[in-house]
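Undergrad: Please find one structure pasted underneath; my questions will follow.
The values are calculated or read from the model by the stated rules, or taken from the named source; none is laboratory data. Being a predicted model, the structure only gives us computed values, none of them experimental. Quick reminder, even Gly has a Cβ in these numbers, built from the backbone with ideal geometry, and neighbours come from all protein chains shown.
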């Protein structure tokens, strides 16, 4: 018999640092580098995969998955 996972059991506890005005770095590039370095230490399959969201002049939003390349 195949066991089924409950949706409630798929919930993960996220225990990384919280984002707040007191802890965020003033330089957004430095903040991104800090986050990216944390991801590299998590042994993820593709830590450079991310969602890029933009909006056009009519406020129509668009989002796509991209891979950050050097």
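Undergrad: Scanning segment 37-49 for residues that are surrounded by 10 or more Cβ atoms within 10 Å (Cβ to Cβ) and without any contact (Cβ under 8 Å) to a residue 12 or more places away in the chain, which turns out nearest to residue 65 (Cα to Cα)?
TA: The residue in question is 47.
Undergrad: Restrict the check to segment 53-64 and report whether at least one residue is modelled with pLDDT under 95, more than 18 Å from the chain's Cα centre (by Cα) and part of a loop (DSSP other than H, G, I, E, B).
TA: no
Undergrad: Need pairs with beta-carbon distance below 9 Å; first residue closer than 27 Å to residue 38 by Cα and within segment 1-26, second surrounded by fewer than 10 Cβ atoms within 10 Å (Cβ to Cβ) and at pLDDT 80 or above; sequence gap 6+ or separate chains.
TA: That search, which allows pairs on different chains as well, returns 17/23.
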